[in-house]
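The values are calculated or read from the model by the stated rules, or taken from the named source; none is laboratory data. Bear in mind that the values here come from a model prediction, so they are computed numbers and not experimental data. Cβ placement follows ideal geometry from the backbone for every residue including glycine, while neighbour counts extend to all protein chains displayed. Note: accessible area is taken over every heavy atom of the protein model, side chains too, but ligands, DNA and RNA are not part of it. Shrake-Rupley method; radii C 1.70, N 1.55, O 1.52, S 1.80 Å.
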Amino acid sequence: MSTNRGFTTTILHSDRLGKPEHGALHKPIHTAVTYGFDDVQDLVDIFQNKKKGYAYSRQGNPTVSALEHKVTQMENGMASICFSTGMAAISATILSLMKHGDHVLASSYLFGNTRSVFQSFIDLGLDITFTDATSIDNITAGVKENTRMIFVETIANPGTQIADLAKIGDLCQEKGIIYVVDNTMTSPYLFKPVNVKASLVINALTKYIGGHGNALGGSVTDTGLYDWSNFPNIFPTFKTQVKPEVLGMTQIRKKGLRDAGGTLSPEAAHVLSVGSETLALRMERACTNALALATFFESHPLIKKVYYPGLKSHPQHGLAGELFTKYGALMSFELDNSIDLFGFLNKLKLVIKSSNLGDTRTLAIPVAHTIFNELGAAKRAEMGIDDSLIRLSVGIEDLDDLLEDFKTALGD
Ligand SMILES: *Cc1c(COP(=O)(O)O)cnc(C)c1O
């Protein structure tokens, strides 16, 4: 298909272009764990990376491949690998590419579980340091002789800080550092990290791409921009088997997916794939709702502070406008001290008290008591997480119903 067709057209017709069985419009769900061959040479060639095919479903499956292809198209990438969760994708990427003695520079505003697993990698001996990635100066100062990877998110959760994405990309390219961008908060509909020279793009498919809160999944996409030919951590055998451009993906698939085993099930891949067809429609609606709600909250006397990149008061509002096609569907806000936090949340009848984000339904969670609870009060204060902070993942409900719910809860 012509590569200049639109985002949604491309996703909708992606399976069919792979010529699925019987002309099916969706790639069928293949549940076989293993694959048999008439000629043993075919089995051997798949093992030795000489031929594409499926041998054992932990490292590859036709239904999952169809989703991988879709994610690659969404990200304008070269190839993708799917995982059972976003966390499995992140863990496998670090585990397969980094070695003892390497340094990873990461944003200090990271998804809580990413931060937590990075601490586990530090405990295992990997050198990971954190810095405020909203400023390129901090990143430049944080790079060391042995820095092999920089890891950032697009819009941070819950504070909505935005990394200096384009300048970090320039720096990584200049220094030959692997640039990993977790694009979950923006999704490939609002932002394509390849445009800021990212090497690898992470997506938690669980969130906006799947979109309906009914399946977990994650992915890593190679944009094709990183030159793997001189990367020192590639397993020597792979260098004799595959072309230099696919060394990164080969290493992540074998050492990250096959060995660590965070495999996406074909059933989940199917659900995520169907969900992804409406990504653009859902994002448009959710972002429009979010901007309207943020504007309402900002002018309300009982809301102390609103964190949303679409507001002019947001410190990186200008940068967000340059980088993203919309400002996202996630925001946080602090309540006035006179309001009881749990009482307010319990007055919400439509908005659901829940920890997920990127669902079609609007979800709210008190941050300090839940997702940032393990950090402790001192660390929260350091990160500017107020006890009254509520994170809101805005869904696609009718805006008037959402406004009505919040007005009632605020006693308007
Ligand atoms: C949710 C999330 C993840 C992890 O995804 P799971 O599928 O829940 O494991 C990673 N990064 C970000 C930014 C997320 O929001």
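List, in the order given, every pair from Lys70/Lys207; Lys175/Lys326; Lys99/Lys243; Lys27/Lys255; Lys304/Lys407; Lys175/Lys255 whose Cα-Cα distance in the structure shown is over 19 Å.
Lys175/Lys326; Lys99/Lys243; Lys27/Lys255; Lys175/Lys255
Based on the alpha-carbon set only, what is the convex hull volume of segment 221-362 divided per residue, in Å³? Don't skip to the answer; put the middle values down first.
Working: hull volume 28.4 nm³, N = 142.
Convex hull volume per residue, Cα atoms: 200 Å³.
What is the helix-to-structure angle for 62-74, meaning the angle in degrees between its Cα long axis and the longest Cα principal axis of the chain, kept from 0 to 90 and rounded to the nearest 10?
Helix 62-74 sits roughly 60 degrees off the main axis of the chain.
With the cut-off at 1.5 for a/c, could you classify segment 153-196 from its C-alpha gyration tensor as rounded, prolate or oblate?
prolate
Longest span of the chain, sites excluded, free of GluC sites (Glu not before Pro) in DSSP loop with at most 15 other C-beta atoms within 10 Å?
146-373
Distances longer than 17 Å among the Cα atoms of segment 279-409: what percent of all pairs is that?
Value for segment 279-409: 58 percent of Cα pairs lie more than 17 Å apart.
For segment 332-412, what log10 I(q)/I(0) values come out of the Debye formula at q = 0.12, 0.13, 0.27 1/Å, with one point per alpha carbon and no solvent?
Results for segment 332-412 at q = 0.12, 0.13, 0.27 Å⁻¹ read -0.35, -0.41, -1.35.
So how much accessible area does Asp15 have, in Å² to the nearest 10, using a 1.4 Å probe?
20 Å²
Tell me the Rg and the Dmax, in Å, that the Cα atoms of segment 234-287 produce.
Reported Rg and Dmax, both Å: 16.8, 49.
Which angle from 0 to 90°, rounded to the nearest 10, does the C-alpha axis of helix 112-123 make with the longest principal axis of the chain?
The two axes meet at around 50 degrees.
Tell me the accessible surface of His369 in square angstrom (1.4 angstrom probe, heavy atoms of protein chains only), to the nearest ten.
Looks like 90 Å² after rounding.
Taking the simple approach of a point 7 Å from Cα along Cα-to-Cβ for both Asp412 and Thr31, what is their distance in nm?
With each label placed 7 Å out from Cα toward Cβ, I get 5.0 nm.
For segment 1-73, which chymotrypsin sites (Phe, Trp or Tyr not before Pro) are in a loop by DSSP, counting at most 12 other Cβ atoms within 10 Å? Numbers along the way, then the final one.
Details: sites: Phe7, Tyr35, Phe37, Phe47, Tyr54, Tyr56; in loops: Tyr35, Phe37, Tyr54.
For chymotrypsin sites (Phe, Trp or Tyr not before Pro) across segment 1-73 that sit outside H, G, I, E and B with at most 12 neighbouring Cβ atoms in 10 Å, the list is empty.
Hey, if you put +1 on the Cβ of every Lys and Arg and -1 on every Asp and Glu Cβ in the chain, which of Ser332, Leu363, Leu171 ends up farthest toward the positive end of that dipole?
The Cα lying farthest towards the positive end belongs to Leu171.
Over what distance in Å are the Cα centres of segment 150-171 and segment 378-394 separated?
19 Å
With +1 on each Lys and Arg Cβ and -1 on each Asp and Glu Cβ, how big is the dipole of segment 279-409 about its Cα centre, in debye rounded to the nearest 20?
That gives segment 279-409 a dipole magnitude of about 140 debye.
Based only on Cα atoms, what Rg/Rh ratio does the chain have, Rh being taken as Kirkwood's radius?
Using only Cα positions, Rg/Rh for the chain is 0.98.
Would you work out which of Leu392, Ile139, Pro309 lies farthest towards the positive end of the dipole of the chain? Charges go on Cβ: Lys and Arg +1, Asp and Glu -1.
Ile139
Enter the accessible area per residue of the chain (Å², integer; probe 1.4 Å; all protein chains in place).
43 Å²
Counting only other residues whose beta carbon sits under 14 Å from that of Phe333, what net charge do I get with K and R as +1, D and E as -1?
Neighbour charge sum, excluding Phe333 itself: -2.
Report, to two decimal places, the Cα Rg of segment 104-238 normalised by 2.2 N^0.38 Å (N = number of residues).
Numbers: Rg = 14.7 Å, N = 135, 2.2 N^0.38 = 14.2 Å.
Relative to the rule-of-thumb radius for its length, segment 104-238 sits at 1.04.
Please compute the modelled spin-label separation between Ser299 and Leu43, points set 7 Å along Cα→Cβ, answer in nm with one decimal.
Each label point is offset 7 Å from its Cα along the Cβ direction, giving 7.0 nm.
Given a 1.4 angstrom probe, I'd like the percentage of the accessible area of the chain that is carbon and sulfur, rounded to a whole number.
Here carbon and sulfur together make up 53 percent of the probe-accessible area.
List, in order, the whole-Hz ³J(HN,Hα) value for each residue of segment 223-236 obtained from phi through the Karplus relation with A = 6.51, B = -1.76, C = 1.60 and θ = phi - 60°; use x for Gly and Pro.
6, x, 8, 7, 8, 7, 4, 10, 5, x, 8, 6, 4, x
On a 0 to 90° scale, report how tilted helix 86-97 is relative to the longest principal axis of the chain, with both axes built from alpha carbons and the result rounded to the nearest 10.
The answer is roughly 50 degrees.
Compactness ratio of segment 178-305: Cα Rg over 2.2 N^0.38 Å, N = residue count?
Here the answer is 1.35, to two decimals.
Kindly provide the trypsin sites (Lys or Arg not before Pro) of segment 80-166 that DSSP labels as loop, not H, G, I, E or B, and whose Cβ sees at most 14 other Cβ atoms within 10 Å.
Lys99, Lys144
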